[in-house]
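The values are calculated or read from the model by the stated rules, or taken from the named source; none is laboratory data. In this text, all values refer to a predicted model and were calculated from it rather than measured experimentally. Because the Cβ atoms are built from the backbone with ideal geometry, glycine has one as well, and the counts that use them run over all protein chains shown. Remember, those area values only see protein heavy atoms, side chains included, never the ligands or the DNA or RNA. Shrake-Rupley method; radii C 1.70, N 1.55, O 1.52, S 1.80 Å.
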Amino acid sequence: MKFHLDKDFILSRRIRSGYVLAFLLLLISYCLIFIMNGRLTEQSHGVVHTNEILTQLEMTLSDVKDAETGIRGYLVIKDDKFLQPYHESIKKITPDLSKLRELITSASQKKRIDTLNLLIVRRMEILKVNLKIFENSGWVVTDSMKTSLYKGKETMDDLRAICERMKDAEKEALIVRNDELIGYAGAIKVINITSLIIAFLLIAFSLITYNRENRLKNSADQQAVLYRTKLEEKIKDLEDANAELVELRRNEKFAVTGRIARIIAHEVKNPLTNINLAAEQLK
């Protein structure tokens, strides 16, 4: 009986240990998933932020190109309608540069945005000067205007170069973030698969434990029924033996009473016999 209790205690302790271990593993996996999701969200925001910077760079560069296109069309056609992109670009360049400055957080990129700002201001100033020279000269391209145009081209080349360097830096950061995104996504996938495996193992462990406990319970119930049956049989045997004992005691009492009666009769009969013989003699 003691061995059976010890065995049940060990089995119960193993079951509790299995559930606690599975719970801890699942808890750790969920914590890792939570952390990885946070990292994944952070990198996703970083990717979106980098794409916003690239888009804003393209928009800023496009503003300058639109201004150039407007001036170039005006120089060729001499129609004020072609100056509309130039005037619109003047309105958009400052807000676009401000937004780009807000988006950029890297120290090296901030230095480049300062250089970009100076180049844009210089390029727009050259376009403005060329426009005034062209209008003041009676819509004729002068030598001083040609010199200014060459300077404007050099400034535009520098502007494109600084934009390309900024784009390359952001693209490199984007590649790093994409690689980290892929790594975090892979880690989350591995953790999810591990959690799924742990869940299946926990289910299998629960089923095995339940079946084992059920078999032990059925076996214990059968043994209890068997013990109860044997106990009832022993009780019945004891009752029968007790009844036989009572009957034996009753018979023994009758036997003792009979012996006493025979002894008394014998003891009384002998004197009476002598008396009877004496009476016969006297008669």
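Based on the Cβ-Cβ distance of Ile193 and Lys65, what FRET efficiency does E = 1/(1 + (r/R0)^6) give at R0 = 41 Å, to the nearest 0.05? About 0.25, to the nearest 0.05.
What pairs in Lys146/Lys167; Lys92/Lys132; Lys99/Lys151; Lys65/Lys91 have C-alpha atoms more than 19 Å from each other? Pairs exceeding 19 Å: Lys146/Lys167; Lys92/Lys132; Lys99/Lys151.
Note on Lys151 and Ile235: their simple-model spin labels are 12.1 nm apart, each label 7 Å out from Cα toward Cβ. Our note on the geometry: Cα centres of the stretch 106-131 and the stretch 57-87, 17 Å apart.
Whenever you get a sec, compute what percent of the accessible area on the stretch 151-210 sits on carbon and sulfur atoms (1.4 Å probe). Accessible surface attributable to carbon and sulfur in the stretch 151-210 totals 68 percent.
Each Lys and Arg adds +1 at its Cβ and each Asp and Glu adds -1 at its Cβ; summed about the Cα centre, the stretch 109-187 shows a dipole of about 260 debye. Largest accessible area first, the listed residues Arg177, Arg123 line up as Arg177, Arg123 when surface is computed with a 1.4 Å probe on the assembled protein chains. Full extension of the segment from Leu32 to Leu83, taken as 0.36 nm per residue of separation minus the current Cα-Cα distance, would add 12.5 nm.
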